[in-house]
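The structure appears below as structure tokens.
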Amino acid sequence: MNKTINIQKNLIIFGIPLLILILMFLITKSSLFQMNPDYLAIGITFDLLLTVPFIYFLLIRKTNIPKTTVVPFIILGVVLCSIILPSENQQYLNLFKTWILPIIELSVLSYVIYNVRKGIKSYKQKKDLSFDFFTTLKNTCYEILPKNVVIPVVTETAVFYYGFIYWKKRELKENEFSYHKDSGTITLLIAIIFIIAIETVVLHILLTKWSSLAAWILTFLSIYSGIQIFGFVKSMFKRPISIENNKLFLRYGIMNETTIELKKIDNIEISSKDIELNKETRKLSFLGDLESHNIIIHLKEENELIGLYGIKRGYKNLALYVDNKVEFKNRINNALQHRV
């Protein structure tokens, strides 16, 4: 019953604005528009850029849908106006894009930054929790952005933040453990960055002889890939594994992460033996068999591993590498004993 009601609400919330958008499109294709293009273009521009977002806002204002979802409707209106209106009738659209749209974009960005800062202050007030930028950003964006765009936005922002903004050395606390010092992963990823750089230069020179556009597209994609990997590498230094509030927070930079309640751990073993990876047994590292492990955690029930762009996979056994494996195991065992 509740599911049916929710479907009906969503049909109304999204259906009415979409019907108006379709109606505006049909009007531009009618003979009426051909007879009065100047006057109707003004009305269509006004409806697409202001009326539709305002109606959508009225429909969602008493729901849990983030108010910032009005912005995609504004952008959709801008795109639709640009497509369906003749260029000679886009003067008001151009004014909107020049003066109003940048203000909206800056307002949304300021709103996101404000909420992230609130999240940071909230973490600092909670002395029993370690601040983690990636988690704070993700929680904040889930409150103010559409759910389907949160993970891509958070991932791209985190890559830039860890890669180019966060340079301060991260000192480990007693309950935190590093996993990058002795595993060899950092060396491997840095080598990949250098390989990408060298191949990009060579391929750019070769492709330029065939197509300058193709050469620059490949170069841009290569530079983007290098920036992504660099951000991944830096995030491994800044997001350690931690044990707090009877939970084990396992992180592999921003590439993979999972949270395990200590009471759900069956046993933990120090082991580097080869294991078969399957639906029940996975590695914390996104490199899989390319990276060694020295810890295997066995759970009493299935848990969830969250990868890049929110990809989720189940597991009952998780293999990972921890620099101080003995202390890691002892601390977990001590925490489990104190629960008994």
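Points worth noting:
- Flag for ASN333 being open to solvent by 40 Å² or more (accessible area, probe 1.4 Å) and part of a helix (DSSP H, G or I): yes
- Of all residues in the range 52-70, those satisfying the criterion of being open to solvent by less than 40 Å² (accessible area, probe 1.4 Å) and modelled with pLDDT of 85 or more are VAL52, PRO53, TYR56, ILE60, VAL70.
- For the range 121-133, a tally of residues being at pLDDT 70 or above and surrounded by 15 or more Cβ atoms within 10 Å (Cβ to Cβ) returns 2.
- The range 161-176: number of residues that are surrounded by 12 or more Cβ atoms within 10 Å (Cβ to Cβ) and part of a helix (DSSP H, G or I): 4
- In the range 95-120, the qualifying residues are those that are among the hydrophobic types (A, V, I, L, M, F, W, C) and open to solvent by less than 70 Å² (accessible area, probe 1.4 Å), and the one that is modelled with the lowest pLDDT is ILE120.
- Selection status of PRO17, under 21 Å from LYS147 (Cα atoms), touching an Asp or Glu at 6+ places or on another chain (Cβ under 7 Å) and touching a residue at least 40 places away in the same chain (Cβ under 8 Å): no
- Residue check for ILE198: open to solvent by 20 Å² or more (accessible area, probe 1.4 Å), over 20 Å from SER183 (Cα atoms) and either modelled with pLDDT of 85 or more or assigned to a helix (DSSP H, G or I) (or both): yes
- Restricted to the range 248-296, and to residues there that are open to solvent by 30 Å² or more (accessible area, probe 1.4 Å) and assigned to a strand (DSSP E or B), the residue that is farthest from ASN330 (Cα to Cα) is ARG282.
- Test: residue in the range 76-94 that is open to solvent by 60 Å² or more (accessible area, probe 1.4 Å) and acidic (Asp, Glu): yes
- Subset of the range 20-34 [open to solvent by less than 50 Å² (accessible area, probe 1.4 Å) and among the small types (Gly, Ala, Ser)]: SER30
- Extreme residue, farthest from the chain's Cα centre (by Cα), among residues of the range 54-95 that are of a type in the set (S, T, N, Q) and part of a loop (DSSP other than H, G, I, E, B): GLN90
- For beta carbons closer than 7 Å, sequence separation of 6+ or different chains, a first residue in the range 99-127 that is of a type in the set (Gly, Ala, Ser) and assigned to a helix (DSSP H, G or I) and a second that is modelled with pLDDT of 80 or more and surrounded by 14 or more Cβ atoms within 10 Å (Cβ to Cβ), the qualifying pairs are GLY119/THR136; GLY119/ASN139; GLY119/THR140.
- Yes/no for LYS181 being surrounded by fewer than 17 Cβ atoms within 10 Å (Cβ to Cβ), assigned to a loop (DSSP other than H, G, I, E, B), under 28 Å from the mean Cα position of the chain (by Cα) and in contact (Cβ under 8 Å) with a residue 60 or more places away in the chain: yes
For (1) among the charged types (D, E, K, R); (2) out of contact with any Phe, Trp or Tyr (no Cβ under 8 Å at 6 or more places or on another chain), each residue gets a yes or a no:
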residue: ALA215; (1), (2): no, yes
residue: PHE220; (1), (2): no, yes
residue: LYS234; (1), (2): yes, no
residue: PHE249; (1), (2): no, yes
residue: ASN256; (1), (2): no, no
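- Within the range 205-247, being farther than 17 Å from PHE286 by Cβ and part of a strand (DSSP E or B) holds for SER242, ILE243, GLU244, LYS247.
- The range 209-233: number of residues that are open to solvent by less than 70 Å² (accessible area, probe 1.4 Å) and of a type outside the set (Gly, Ala, Ser): 8
- Restricting the range 304-326 to residues that are touching a Ser or Thr at 6+ places or on another chain (Cβ under 7 Å) and over 18 Å from GLU269 (Cα atoms), the residue that is most open to solvent (accessible area, probe 1.4 Å) is TYR309.
- So SER87, is it over 25 Å from ASN139 (Cβ atoms) and hydroxyl-bearing (Ser, Thr, Tyr): yes
The values are calculated or read from the model by the stated rules, or taken from the named source; none is laboratory data. These numbers were taken from a predicted model, which means no experiment stands behind them. Cβ coordinates were reconstructed from backbone atoms using ideal geometry, including for glycine residues, and neighbour counts include every protein chain displayed. Note: areas computed on protein heavy atoms with side chains; ligands, DNA, RNA excluded. Shrake-Rupley method; radii C 1.70, N 1.55, O 1.52, S 1.80 Å.
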